[in-house]
Amino acid sequence: MPRSLRLSFPDAIAALEAVGEPTRLRLIALLSEAELTVTELTAILGQSQPRVSRHLKLLVDAGLVDRHREGAWAFFRRSERGAYGRLAQDILETIDLSGAELAADRRRLGEVRAERAQAAEQYFARHAAEWDRIRTLHVPDSRVEAAMLAMVGERRIEALLDIGTGTGRMLELLAPKAARATGIDASPAMLAVARANLERAGLRNVQLRQGDVYALNPGETGFSLIIIHQVLHFLDDPARAVREAARLLAPGGRLLIVDLAPHAVERLRSEFAHRRLGFSREEIAGFLDDAGLDPVASEALSPLAGEGDVLTVALWMGRDRRRQTDAPFLSQTSEVA
């Protein structure tokens, strides 16, 4: 076994002691399913917030759980890398997860996720017609779209997939370069807007489907380019969404992620249903690596003089490492904070 997947004797004892308690084992199981906040875990476990926070601290200190703070919120997720990640995975694979208590936790987790999904769908339905206006919160779309086109390159796209297509703007931009294109969104209201926009644009090589970002099933795999544009910051488990997207790539295919760089505008959570306050280059690189993709390009678009106090938008490109295609190789152009 590689040394990186081995724990020292004291570290192994500390980790096993940390997980060897009923609530903490339940937390490990839940945090293997999703990235969750203390408030959400409190609702699922039916325990007080101080008690849940204490258990989480022990697991974080033992290396079995990762903690990620964004402004006033803290997110927790089971460690998935290195020796601690392997130990946590081995423990979960050893126990029977169908037991009554763990099964009840998963049902309550399902309820939490359903509430999130309902709130997001209601939000999208309310704002479907004005979605493009909301995007004025960041640097101009014209700059973002120009950077996307440059990163994608001139080569013909055989099969394009736009995940979280929203108003269909990304399909309007890139479908003319594709032999065929598919847009997926969870919201029927958003799909209705997209359909009207694409019909107006006269695009005939595009199909729209309702779908779940965590369980994509567009009828086929083998996409040469997949776009995830301004979607990840709404999700409770963005890494999982990236892995699911990567699953649909053709060997050597490319995944282009466009989202906000790290920021501290807390009101976006309450006013616009944002769950994450942007992503760093390192975090996205980790998502890509875990999904079997090599990071090949990144660019940060900060506001220019005259654009006002708007948010930075970042682009990241990953390539499926199973086989390189003859699509143009892109070197990293600039770092994202």
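The values are calculated or read from the model by the stated rules, or taken from the named source; none is laboratory data. What you see is a predicted model, and the numbers here were worked out from it, not measured in a lab. Backbone-built Cβ (ideal geometry, glycine too); neighbour counts: all protein chains shown.
Some notes on this structure:
So that you can scan it fast, the table gives a plain yes or no per residue for (1) in contact with a Ser or Thr (Cβ under 8 Å, 6 or more places away or on another chain); (2) at pLDDT below 75; (3) within 25 Å of Ala186 (Cα to Cα); (4) not in a helix (DSSP H, G or I):
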{"position": "Arg113", "(1), (2), (3), (4)": "no, no, yes, no"}
{"position": "Arg116", "(1), (2), (3), (4)": "no, yes, yes, no"}
{"position": "Ala119", "(1), (2), (3), (4)": "no, yes, yes, no"}
{"position": "Tyr123", "(1), (2), (3), (4)": "no, yes, yes, no"}
{"position": "Ala128", "(1), (2), (3), (4)": "yes, yes, yes, no"}
{"position": "Arg133", "(1), (2), (3), (4)": "no, yes, yes, no"}
{"position": "Glu145", "(1), (2), (3), (4)": "no, no, yes, no"}
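- Residue check, Gly202 touching a residue at least 12 places away in the same chain (Cβ under 8 Å) and of a type in the set (Gly, Ala, Ser): no
- Filter result for Ile227 (in the same structural domain as Arg135 (by TED's automatic domain parsing) and in contact with a Leu (Cβ under 6 Å, 6 or more places away or on another chain)): yes
- Within the stretch 38-69, considering residues that are over 23 Å from Glu17 (Cβ atoms) and out of contact with any Asp or Glu (no Cβ under 9 Å at 6 or more places or on another chain), the one surrounded by the fewest Cβ atoms within 10 Å (Cβ to Cβ): Arg69
- Residue satisfying all of: in the stretch 262-272; of a type in the set (A, V, I, L, M, F, W, C) and farther than 16 Å from Phe75 by Cα; surrounded by the most Cβ atoms within 10 Å (Cβ to Cβ) among these: Leu268
- Those residues of the stretch 251-280 which are under 15 Å from the mean Cα position of the chain (by Cα), in a loop (DSSP other than H, G, I, E, B) and not small (Gly, Ala, Ser), in sequence order: Pro262, His274, Arg275, Arg276, Leu277, Phe279
- So Arg243, is it modelled with pLDDT of 95 or more and in a helix (DSSP H, G or I): yes
- Evaluation of Gly63 against (1) touching a residue at least 60 places away in the same chain (Cβ under 8 Å); (2) at positive phi (one fails), failing number: (1)
- Considering residues of the stretch 281-308 that are in a strand (DSSP E or B) and charged (D, E, K, R) only, the residue surrounded by the fewest Cβ atoms within 10 Å (Cβ to Cβ): Asp294
- Within the stretch 231-261, considering residues that are touching a Pro at 6+ places or on another chain (Cβ under 9 Å) and not β-branched (Val, Ile, Thr), the one surrounded by the most Cβ atoms within 10 Å (Cβ to Cβ): Leu232
- In the stretch 185-206 there is no residue that is in a strand (DSSP E or B), within 24 Å of Glu299 (Cα to Cα) and touching a helix residue (DSSP H, G or I) at 6+ places or on another chain (Cβ under 8 Å).
- Check on Thr182, under 20 Å from Ala261 (Cα atoms) and hydroxyl-bearing (Ser, Thr, Tyr): no
- Gly219 vs. criteria modelled with pLDDT under 95, farther than 27 Å from Val112 by Cα and either in the same structural domain as Pro176 (by TED's automatic domain parsing) or buried (at least 22 other Cβ atoms within 10 Å of the Cβ) (or both): yes
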